[in-house]
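K.L.:
Let me give you the structure first, and then I'll get to my questions.
Read the figures in this text as sums done on the coordinates, not as results from a lab. A quick note: this is a predicted structure, and the numbers were derived from the prediction, not measured. Here the Cβ is made from the backbone with ideal geometry for all residues, glycine too, and neighbour counts use every protein chain on show.
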Amino acid sequence: MVMAEEKLWKCGKCKEDLVKKRTAFSYLGHTFSTEVMCCPKCGKVFIPKELAEGKMAAVEQELEDK
Ligand SMILES: [Zn+2]
């Protein structure tokens, strides 16, 4: 498996490689989970801007439909 295209993320504080972690978010009373990158040392979670915006937009749309 070649993963050269994948960006290597590191925690700016610990210099640790980030690991994928399934995290639950709560937004506008809804809870959903997604995989995000997080620091194994300090636990800081890094959410790509596109992912955060895309997910939030999806949840907002879901709420509007009801
Ligand atoms: Zn860290």
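K.L.:
For F46 and K20, compute 0.36 nm times the residue count separating them, minus their Cα-Cα distance, and round to one decimal in nm.
P.N.:
Values: separation 26, 0.36 × 26 = 9.36 nm, distance 0.97 nm.
Working it through step by step, the gained length comes to 8.4 nm.
K.L.:
Let me ask something else. Taking the Cα-to-Cβ direction at W9 and at T31 and moving 7 Å from each Cα, how far apart do the two end points lie in nm?
P.N.:
2.2
K.L.:
Taking the Cβ of G43 as the center, what net charge do the other residues with Cβ under 12 Å away carry, scoring Lys and Arg +1 and Asp and Glu -1? Working shown, then result.
P.N.:
Numbers: positive: K13, K21, K41, K44; negative: E16.
So the surrounding residues net to +3.
K.L.:
Amide H of L18: which non-local residues (sequence gap of 5 or more, or other chain) have their own amide H closer than 5 Å, using H built in the peptide plane?
P.N.:
W9, K10, C11
K.L.:
If packing is taken as the average count of other Cβ atoms within 10 Å, what order do 10-18, 36-44 fall into, highest mean first? Let's see the in-between values first.
P.N.:
Working: 10-18: 13.3, 36-44: 15.6.
So the order, starting with the most tightly packed, is 36-44, 10-18.
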